[in-house]
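These notes are about the structure you will find just below.
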There are 2 protein chains.
Amino acid sequence: MASMSLNQDTKGARMRYELFYWPTIQGRGEFVRLALEEGGAKYIDVARRAESSGMGMPAMLRLMHGDGPHLPFAPPFLKAGDQVIGQSANILYFLGPRLGLAPSNEAGRTWTHQLQLTIADFIDEVHDTHHPIASSLYYKDQKPEALRRSADFLQTRLQKFLGYFERVISLNSSSDKFMVGAELSYVDLSIFQIIEGLRYAFPKAMKKAEANYPRLIDLHDRVAKRPRIARYLASARRLPFNKQGIFRHYKELDA
Amino acid sequence: MASMSLNQDTKGARMRYELFYWPTIQGRGEFVRLALEEGGAKYIDVARRAESSGMGMPAMLRLMHGDGPHLPFAPPFLKAGDQVIGQSANILYFLGPRLGLAPSNEAGRTWTHQLQLTIADFIDEVHDTHHPIASSLYYKDQKPEALRRSADFLQTRLQKFLGYFERVISLNSSSDKFMVGAELSYVDLSIFQIIEGLRYAFPKAMKKAEANYPRLIDLHDRVAKRPRIARYLASARRLPFNKQGIFRHYKELDA
């Protein structure tokens, strides 16, 4: 998509971004990583770099516990020049026009952002399937509650959100291939990630559910084949799913 | 704060906004109502108007289940001319510059939005104190889980979020009176609402906690006294807190 006019110092191609996120999980940072990769941005995944180079986790924690003017509440956050930007949907709203991954008009960018915020709500609910009581407790210490919450998630919430996103594509008057307008946006990358994550966490439930969302699955498949995304997924930069992230596989929750 | 230049047809003073939200609760819609009120906007709270006038709940449900181009996932959503905008933080990002309730530069608006998204995360956690298992179930059907979740909320999460917001004011280099910059923004109105809601839901816990957040309490008190807010709070337009909203008082959860 066409970029809006921007100051040279924040133009996607020239800027070297610094992403700050937990170094061992995909988590909420992955939605930003996918946009940076597809946008061909130069970026450093700071917390995954060596401490000896002045980066790594200490660099992230310094920023989180510092006294800078725009203190983030939690990772992920992005440094773009002097600006520090937190909240993954907010980072994507910022990056979208700079990386050619958002509509060029304000109303289109507002709509794209609205969808990303709904994806963020969905992600929170996915997280709470295994942590319905407290993030500070282990899964094993909230397992009965997780079983109840996951059952509700798979019976009602999964269908409510995926059904909505499927309907958004079907109502897109510019294309039946993308969520917004006639070209790829960061929301399409996030839909890819949601389908990947759900397949990892709930393989049995997804096997049954996928036939109801042909447009989402088709979008997922097309995103996976985009050259930059395919290269990224095959690289060491793409962390595997695991039992510390948002999407987790516990067989008993996938009933 | 100074408005950015905008098309005449969406200028705050000329535009008549239509807010769509559940008619009997403050909920997430209240963050939008407070901004519309403080900004002196002309607006209609559609679902609270009479069905006989073509409004009321049927008008809201028509839009939610319609096939318009920017279908919202859930209330609140705002109609501004032909544009329909969903997600409360997104609505406030849109309204902020139009109502003089956001910084005039892009970086300032991004920071203001980041804080509002963190408030939205906090609100989700407040909601889940009484509904940790499923929104579709009654409180009484998830009471043991609610007791556990509320205990963690009061022991760890409340302090984490309020401590962060208190720190944001203390790090604001332009003022020690506001969250962002040197003038009132919509985030300040949301902080007011959070303190009001917490006092209603958790009076015992808040009585103990408030001394730790003098800047937030001072901000709350100053917002309450602003002429437009004071008039709004005294009017029938301000719904009372109750046991259907996000902030709910159950004595047993306020341990």
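The values are calculated or read from the model by the stated rules, or taken from the named source; none is laboratory data. Remember, predicted model here, so these are calculated numbers, not experimental data. Counting neighbours? That spans all protein chains shown, and the Cβs are built from the backbone with ideal geometry, glycine included. Quick note on the areas: whole protein, heavy atoms, side chains included, nothing else; ligands and nucleic acids left out. Shrake-Rupley method; radii C 1.70, N 1.55, O 1.52, S 1.80 Å.
Can you work out the Karplus-derived ³J(HN,Hα) for every residue in the range B:240-247? Use 6.51 cos²θ - 1.76 cosθ + 1.60 with θ = phi - 60°, whole Hz, and x for glycine or proline.
x, 4, 7, 8, 10, x, 7, 8
From the helices alone, meaning DSSP H stretches of at least four residues, give me the mean residue ellipticity at 222 nm for chain A, per-run term -39500 (n - 2.57), in deg cm²/dmol to the nearest 500.
-15000 deg cm²/dmol
Given an 8 Å cut-off on Cα distances and at least 6 residues of separation, report the relative contact order of chain A as a percent.
It rounds to 21 percent for chain A.
Does chain A come out rounded, prolate or oblate by the C-alpha gyration tensor, with a ≥ b ≥ c the root eigenvalues, rounded set by a/c under 1.5 and, if not, prolate when a/b is larger than b/c and oblate if not?
Oblate, because a/c is 1.5 or more while a/b does not exceed b/c.
Hey, what's the range B:212-255 come to in accessible area per residue, 1.4 Å probe, Å²?
Here the residues of the range B:212-255 average 56 Å² of exposed surface.
Could you list which residues have their amide H under 5 Å from that of A:F77, counting only those 5 or more apart in sequence or on another chain, with H placed in the peptide plane?
Amide H to amide H, under 5 Å and 5 or more residues apart or across chains, A:F77 pairs with A:F20.
Using only the Cα atoms of the range B:39-111, what do you get for the radius of gyration and for Dmax, in Å?
14.1, 45
Rounded to two decimal places and with Rh computed the Kirkwood way over Cα pairs, what is Rg over Rh for the protein assembly as shown?
Rg/Rh for the protein assembly as shown comes to 0.93.
Report in % the part of the accessible area of the range A:113-191 that belongs to carbon and sulfur, leaving out ligands and nucleic acids; probe 1.4 Å.
50
Mind putting a number on the dipole of the range A:107-188 about its Cα centre? Charges go on the C-beta only, +1 for Lys and Arg and -1 for Asp and Glu, and I need it in Debye to the nearest 20.
140
Using the Karplus curve 6.51 cos²θ - 1.76 cosθ + 1.60 with θ = phi - 60°, what ³J(HN,Hα) values do you get for each residue of the range B:217-222, in whole Hz, with x for Gly and Pro?
5, 4, 4, 3, 5, 6
List, in order, the whole-Hz ³J(HN,Hα) value for each residue of the range A:193-205 obtained from phi through the Karplus relation with A = 6.51, B = -1.76, C = 1.60 and θ = phi - 60°; use x for Gly and Pro.
5, 5, 5, 4, x, 5, 5, 5, 6, 10, x, 5, 5
Do the alpha carbons of any pairs in B:K42/B:K207; B:K204/B:K225; A:K177/A:K207 sit beyond 29 Å of each other, and which pairs?
B:K42/B:K207
Treating only the Cα positions of the range B:153-255 as identical point scatterers, give the base-10 log of I(q)/I(0) from the Debye formula at each q in 0.15, 0.18 Å⁻¹.
The computed values of log10 I(q)/I(0) come out as -0.66, -0.93.
Please list, by residue number, everything in the range B:70-106 whose backbone N is under 11 Å from a paramagnetic label point 7 Å out along Cα→Cβ of A:N105.
So the set is B:83.
Checking an interface number: how much accessible area is buried between A and B, summed over both chains, with a 1.4 Å probe, in Å² rounded to 100?
Buried: approximately 4200 Å² between B and A.
Say a paramagnetic label sat at a point 7 Å from the Cα of B:L61, along Cα to Cβ; which residues of the range A:147-191 have their backbone N under 18 Å from it?
Taking a point 7 Å out along Cα→Cβ of B:L61, no residue of the range A:147-191 has its backbone N under 18 Å.
List the residues whose amide H sits under 5 Å from the amide H of A:G27, counting only those 5 or more places along or on another chain, with H placed 1.01 Å from N in the peptide plane.
Amide H neighbours of A:G27: A:I246, A:F247.
In debye, nearest 20: dipole of the protein assembly as shown around its Cα centre with unit charges on the Cβ of K, R (+) and D, E (-)?
In total the dipole reaches around 200 debye.
Evaluate E = 1/(1 + (r/R0)^6) for B:A236 and B:A209, where r is the Cβ-Cβ distance and R0 equals 25 Å; express this FRET efficiency to the nearest 0.05.
Once rounded, the FRET efficiency stands at 0.20.
If you consider only alpha-carbon coordinates, what radius of gyration and Dmax does the range A:96-158 have, in Å?
For the range A:96-158, the Cα radius of gyration and maximum Cα-Cα distance read 16.7, 48 Å.
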